[in-house]
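Take a look at the structure below.
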Amino acid sequence: MLWSLAKVVIFLAAIAGLAFLAGTLSDTGGEVRLWVFGQEFTFGPLQAAIAAVLLVVAVWVLLKVAAFLGAVFRFLNGDETAISRYFDRSRERRGFTALTEGMVALASGEPSLALSRAKTAEKLLKKPELTTLLTAQAAEAAGDGKTAMAAYRALLSSEKTRFVAVRGLMKQKLVSGDTDTALKLAEKALALRPRHAETQDVLLKLQTEKADWKGARATLSEKLKTGELPRSVYRRRDALLALQEAKVVLDEGSTIEAREAAIEANKMSPDLIPAAVIASRALVEKGDKKGAARVLRKAWDAQPHPDLAAAFAAIEPDESPGARMRRFKPLLSSRPENEETRLTNAELLLLAEDFKAARKVLGDLAETHPTQRTLAILAAVERGTGADDLTVRSILARALTASRGPQWCCDTCQGVQSEWNPVCSSCGGFDTLTWREPVATRQSQTAASADLSPLLVGLPPEAALIPDASDDAVILPPEDIVRRSN
């Protein structure tokens, strides 16, 4: 602002000075004489002033022409000049236009056009951090993995684009099924950007698929530190991973470490059924039967489950039916109206051959929520109370098409798993299995036998009935319908 004002003042001062000089010469009547190549030229004051201005203009024009010729020479010689900058600006405009068209084409779902525009922009702009990235993404969208991999590798050389390159290579390896390399790239990407939520999730998924429970727990801890995971969710999922660590250690035979890991998992999430079961077994092996019972009662208070009942029975595997009934009484009294509590109680009464009490405990479950397990217990009760074969067979016929009741179901893909795992075997979802009845509850006409709990060990043969595909009642020994506690 000040410099612009100064230039205006200087210009006005120069005009005023020239006007003053011209007025002085005109008043004095002086003349200006010039000799050029032996010839004399005489100018009046005003003519001299005009000639001076023309001379200045001519010199300025000559200097500009000379500068232009010099610029042309340097341009032809390859040096940067005003002319080269002009062409550079023109090329840059065309390059950014091609880049814009490529980005629009990519967003519009035209990867081939985007790839073509990206190549054009790359030739014009010479800015790989922009054009190579567009090339990689366009090739990725077009399914050209080879071009995408080459583009991402080119981006590795720049610190600004290294994370994008590593992440892109990781995604390409995932597409090609090379999960081992993808896992290493995910670890490297997370080291570059520890707070990147998507990379954390990908790494956690790969680690759980590879059964790297220790690494998965470290990644989960990183998600907690960066605020990507609520503490309550973190505690449960960390318990899941600790539980898997315990299973691995147990498989390897290191029982002391298995006990510690299992008990740690149960402490972090007392309502986690598999953790409670493993922790109780570890405590039994340690000789702490009271601690095992306490762990199972706490988990039962949160959610009654047949696996908890089986583990509770396994604390004293050789006890009499009456002793088992007495030991189970505190457990069953916490959630008396729960369906699982009623079924477990009915099975215990069957074991004690108290069929009338079993019928009373079972109540109207066979009508309100008929499952294979409920109907199998009802059939055993009817057989034990002396009902005729027709009555028993009609109940078993209903069991053929009845629901199997609650199972481990994935909340994401609705798949049913035979046993609990932290990762769904169908969709790979982490911590998606819950104990509930599947969406599709109707079973095949050739359904297998009802799964009675291991509490029925010792059930008299006359009470052990199971249907077959021909709708006939078949008497089987108890070991064929009982899932043993061990």
So how do 315-324, 211-220, 299-308 stack up, highest first, on mean other-Cβ count within 10 Å?
299-308, 211-220, 315-324
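When you count, for each residue, the other Cβ atoms within 10 Å and take the mean per peptide, how do 281-291, 7-17 rank with the highest first? If you can, show how the numbers build up before the last one.
Details: 281-291: 15.9, 7-17: 10.0.
In decreasing order of mean packing, 281-291, 7-17 become 281-291, 7-17.
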Assuming R0 = 25 Å, what is the FRET efficiency of Lys7 and Phe73, from their Cβ-Cβ distance, to the nearest 0.05?
0.20
Check the straight Cα-Cα distances from Lys210 and name the lysines below 22 Å, setting aside those fewer than 8 residues away within the same chain.
Lys171, Lys173, Lys184, Lys188, Lys223, Lys247
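What FRET efficiency comes out for Ser333 versus Lys286 if R0 is 22 angstrom and r is the Cβ-Cβ distance? Round to the nearest 0.05. If you can, show how the numbers build up before the last one.
Details: r = 27 Å, r/R0 = 1.22.
With a Förster radius of 22 Å, E is 0.25.
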For the residue pair Leu390 and Lys127, what label-to-label distance in nm results when each label sits 7 Å from Cα along the Cα-to-beta-carbon direction?
9.0 nm
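In whole percent, and with a 1.4 Å probe on the protein chains, what portion of the accessible area of segment 274-356 is carbon and sulfur? If you can, show how the numbers build up before the last one.
Values: 1840 of 3750 Å².
Within segment 274-356, the accessible surface is 49 percent carbon and sulfur.
At 1.4 Å probe radius, can you tell me the per residue accessible area of segment 296-420 in Å²?
Details: 5410 Å² over 125 residues.
Dividing the accessible area of segment 296-420 by its residue count gives 43 Å².
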Calculate, for Arg153 and Cys427, the FRET efficiency according to 1/(1 + (r/R0)^6) with r their C-beta to C-beta distance and R0 35 Å; round to the nearest 0.05.
0.65
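Going by average Cβ density within 10 Å per residue, which order do the peptides 417-424, 395-402 take, highest to lowest?
Working: 417-424: 16.4, 395-402: 20.4.
Output ranking for 417-424, 395-402: 395-402, 417-424.
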Run the quick spin-label model on Ile15 and Ser232: label points 7 Å from Cα toward the beta carbon, then report their separation in nm to one decimal.
8.0 nm
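The values are calculated or read from the model by the stated rules, or taken from the named source; none is laboratory data. On a predicted model such as this, the values are computed, not experimentally measured, just so you know. FYI the Cβ positions are ideal-geometry reconstructions off the backbone, even for glycines, and counts take in every protein chain you see. Only protein heavy atoms, including side chains, enter the accessible area calculation; ligands, DNA and RNA are left aside. Shrake-Rupley method; radii C 1.70, N 1.55, O 1.52, S 1.80 Å.
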